[in-house]
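This report concerns only the one structure given below.
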Amino acid sequence: MADTTAPSAGASCLERLKNYVKTPKGSILSAEILISFIIIICYGASYTGGYSTVAICEMIFAMVFFFIFMMGMDKQFLLVNWLWTDLFRAGIGAVLYLIISLITVIGGAGDGARIAGGVFGLIAGLLFTYDTYTLFMEVKSTRQHTAASTAGGRGPRQRAALYALWGSVPRLPCPRLEVRLKHLLAPQEMFFSLFVNHLCRAARSPVSFGMLCNFLIISYLKGRSKHFFFQA
């Protein structure tokens with residue numbers, strides 16, 4: 001929920017525009033919109049205006065993302081992973097611009113506007129490539145930060161929820177083995193093992209078959225079957 005007491009909440013659209021253009025991402029998107037517009041003009045003045053399709057699409061996409069990021073809508077609509085979506089947009093735009101621009105420059109003899117559009121298209125391809133690189137580094141840093149924050153295990157709320165779920169699942173026939181599994185395995189793996197044991201009991205399988213299922217699952221998950229079976 002947005003903070004209505006923040007000074008920027010009542011800022012006009014023009015002020016948001018001025019502030020966002022000064023940011024690194026805002027300047028990159030502004031440059032992408034501007035160079036795409038120049039490419040559209042160049043291809044429109046050439047004999048083959050069909051090459052302007054890529055520039056039109058990329059300019060529209062850049063304007064949409066510029067508006068979304070400027071208005072902070074990416075923080076309100078969390079169902080979409082805007083970082084990955086923007087990464088795909090920039091990556092596809094870079095590839096298309098480089099391919100189309102090489103085609104137009106190589107085969108544009110006698111058409112100055114087409115060659116100019118191809119040259120600007122190559123510049124746009126490099127700009128979109130730089131945008132893709134910055135987004136990829138941002139995704140990489142985000143994943144590293146997430147992995148570092150979860151390195152010590154799951155949060156206390158998640159653990160409490162998983163331990164609460166254990167109360168609804170029938171226990172293993174060997175209490176000492178269950179205690180050892182609880183210390184060796186992560187909560188989600190322990191719950192999965194107990195759930196399979198519950199399915200085996202529901203299917204009226206022998207207890208030995210249920211223990212064998214637990215043994216195979218835990219061996220696959222941790223590779224510690226010899227350790228806890230011989231010390232249980």
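The values are calculated or read from the model by the stated rules, or taken from the named source; none is laboratory data. Quick caveat: nothing in here was measured; it's all calculated off a predicted structure. Here the Cβ is made from the backbone with ideal geometry for all residues, glycine too, and neighbour counts use every protein chain on show.
Within the bounds of region 3-13, is there any residue that is assigned to a helix (DSSP H, G or I), crowded, with 16+ Cβ neighbours inside 10 Å and assigned by TED's automatic domain parsing to the domain that holds Thr129?
Residues of region 3-13 assigned to a helix (DSSP H, G or I): 7-10, 13.
Going one step further and asking which of them are crowded, with 16+ Cβ neighbours inside 10 Å, we end up with none.
No: zero hits.
Evaluation of Gly91 against the conditions (1) assigned to a helix (DSSP H, G or I); (2) without any contact (Cβ under 8 Å) to a residue 12 or more places away in the chain; (3) small (Gly, Ala, Ser) shows that the sole unmet condition is (2).
Number of residues in region 45-64 that are in contact (Cβ under 8 Å) with a residue 12 or more places away in the chain and either in contact with a Ser or Thr (Cβ under 9 Å, 6 or more places away or on another chain) or assigned to a helix (DSSP H, G or I) (or both): the value is 13. Among the residues of region 65-88, those identified as part of a helix (DSSP H, G or I) and of a type outside the set (A, V, I, L, M) are Phe65, Phe66, Phe67, Phe69, Asp74, Lys75, Trp82, Trp84, Thr85, Asp86, Phe88.
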